[in-house]
Amino acid sequence: MNFPTHIVHLQAGKYENIKFGKITWNKFNTDINIALRSLVIILNNFLQEMAKNKYGKVVVILLSCTINIPPKYVSSYVSTKYALLGLVKALSNEYAEKSIQINGVSPTMMETKFLKDIPELIIQQNAANSQTGKNLSVDDVVPMFKFLLSEDANCITGQNMAITNGKIM
């Protein structure tokens, strides 16, 4: 059986603005299962083989709030991203001596279908507050993934790489 040498994890639950007093444990559980549990299952299936081969690269999409102040009303989403960051940090230390690099990428708001349920005013305000006057595009973020998956990043592990669209975090 062939095992992957590179894993990119882009999973996240639905981004919803909900005040903490109105959010249920069910929402937290759903977000954790989609993002954290899925990554744990994937890595449990492949990291040991990567370790035997002394080679592997894992990149996990996080969120810029893991570097700075999180937005309001998304406690479930933000908590899950911090849990993913914790897993990235813990596993990068555990597997560094096996030549496996595990890193996170933390973009600010990115124009994807993921934003479809976010109020347009929030999307516009975020764009207006950036140095470029727009939100990130997928094309703005993909080069960081390519770099972290390349041989040029063999000495980088356990990092949370911010893509901030000109914002200082």
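Computed over the chain with a Gaussian network model linking Cα atoms closer than 10 Å, the most mobile of Asn33, Asn68, Asn103 is Asn68. Once the Kirkwood radius over Cα pairs is known for segment 1-49, the Stokes-Einstein relation at 20 °C and 1.002 mPa s delivers a diffusion coefficient of 169 µm²/s. When the listed pairs Lys113/Lys146; Lys81/Lys167; Lys27/Lys146 are checked against a 27 Å cut-off, the alpha-carbon distance exceeds it for Lys27/Lys146. Look at the dipole of the chain built from charges on Cβ: of Val40, Ser106, Asn165, the Cα furthest out on the positive end belongs to Val40. Maximal additional length on extending the Leu121-Ser150 stretch stands at 6.7 nm, based on 0.36 nm per residue less the C-alpha distance.
With a cut-off of 11 Å between beta carbons, the residues surrounding Thr80 carry a summed charge of +2, where Lys and Arg count +1 and Asp and Glu -1. In the elastic network of the chain, a GNM with C-alpha springs shorter than 10 Å, the most mobile of Ser79, Ser92, Ser150 is Ser150. Rounded to the nearest 0.05, the FRET efficiency derived from the C-beta distance between Asn17 and Asn93 at R0 = 35 Å is 0.50. This ranking places Phe20, Phe114 by how few other beta-carbon atoms lie within 10 Å of each, fewest first, which gives Phe20, Phe114. Bridges between two residues of the chain, per DSSP, are antiparallel at a rate of about 0%.
Mean residue ellipticity at 222 nm, helices only, the chain: -12000 deg cm²/dmol; runs of at least 4 DSSP H residues each add -39,500 (n - 2.57), and the sum is divided by the number of residues. Two decimals is fine: what's Rg over Rh for the chain, C-alpha atoms, Kirkwood radius as Rh? Looking at the chain, the ratio lands at 0.98.
For segment 14-88, the calculated P(r) over all alpha carbon pairs, in 10 Å bins from 0 to the bin holding the longest distance, is 18, 44, 26, 11, 2 percent. For segment 48-88, the set of trypsin sites (Lys or Arg not before Pro) satisfying both a DSSP loop assignment and a count of at most 11 other C-beta atoms within 10 Å is given as Lys54, Lys72. Listing Val59, Val78 from fewest to most neighbouring C-beta atoms within 10 Å gives Val78, Val59.
Bear in mind that the values in this text are calculations on the coordinates, not laboratory data. As the structure is a prediction and not an experimental result, all values here were calculated from the model. Note: ideal-geometry Cβ built from the backbone for every residue, glycine included; neighbour counts use all protein chains shown.
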